[in-house]
1. Using alpha-carbon pairs under 8 Å, 6+ residues apart, how would you state the relative contact order of the chain in percent?
2. Under a Cβ-Cβ cut-off of 9 Å, what is the net charge of the residues other than I129 that fall near it, where Lys and Arg count +1 and Asp and Glu count -1?
3. Taking the structure as given and computing Rg/Rh (Cα atoms, Kirkwood Rh), which label from (1) 1.00; (2) 1.04; (3) 0.94 fits?
4. If I stretch the segment between E9 and D204 completely, what's the gain in nm (0.36 nm per residue apart, minus their alpha carbon distance), one decimal?
5. Which cysteines in the chain lack any other cysteine whose Cβ sits under 4.7 Å from their own Cβ?
6. Loop only by DSSP, 16 or fewer other Cβ within 10 Å of the Cβ. Give me the GluC sites (Glu not before Pro) in region 123-179 that pass, ordered by residue number.
7. Would you please give the FRET efficiency between R68 and K150, computed as 1/(1 + (r/R0)^6) with r the Cβ-Cβ distance and R0 = 22 Å, to the nearest 0.05?
8. Using only the alpha-carbon atoms, how far is helix 3-26 inclined from the longest principal axis of the chain? Give it as 0 to 90 degrees, nearest 10.
Amino acid sequence: MDRAFSENEREDSDRIVLGLLNSVEQDGARSQRHYAAELGIALGLVNAYLNRCIKKGLVKASQAPARRYAYYLTPQGFAEKSRLTVEYLSSSFGFFRKAKADCVKVLETAKERQLKRLILLGVSDLAEIAAICAIESGVVLVCAVDPASKLERFVGLPVVADLDSVNEEVDGAIVTALLSSSAIDALIDGVREKLGAEAILIPDLVDSRPRKVRGESAS
């Protein structure tokens, strides 16, 4: 495993832990299924990360009615949430710079391939930056597709749950999901089947992690 992959994997893990700690702090009585939907990750992953946080002493669980558990942050959990928040904010400018460069690159590739109308696969910080860059590039973004998102609109774009809900003609898609999931992989496969592999644009920030379609990047 190379160093770059290790760093990306750690960043993904830290982002999940930070999101989970924030969710527990806001309402620890919600179900794991609710946390999964809120964070846009698989239910099993939520369970694994909650157990990890409990073992590390960041979160405690108490019995709740209806055979459920309520979760709450320990003092160590509050400290870890603060540390991760500061770390995320301190790296956010570097992330923006890298994400913008990636988005400019895939949008230039889109123009070279005559892909004029695109969809975003995944609601994320990267998707927001892609939307900003698209304005300057002249490429039209039709909508964002994300089965896990509860939003109706994102950066001015409609958000739909699946490809069948995209009502306009599109030429391709930019993968903007920062966390890999089977749902996002299924969307990528769907675009590839309908429009061909050349229609899938994958920024380096996404393609640096192993995926089913790794190698079909915009480069």
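1. 18 percent
2. -2
3. (1)
4. Computed gain between E9 and D204 is 68.8 nm.
5. Lone cysteines by the Cβ rule: C53, C143.
6. Filter output for region 123-179: E152, E168, E169.
7. That gives a FRET efficiency of 0.55.
8. Around 60 degrees separate the two axes.
Laboratory data are not the source of any read-out in this text; all were calculated from the coordinates shown. As the structure is a computational prediction, the values presented were derived from the model and not from experiment. Virtual Cβ from ideal backbone geometry, glycine too; neighbours counted across all protein chains shown.
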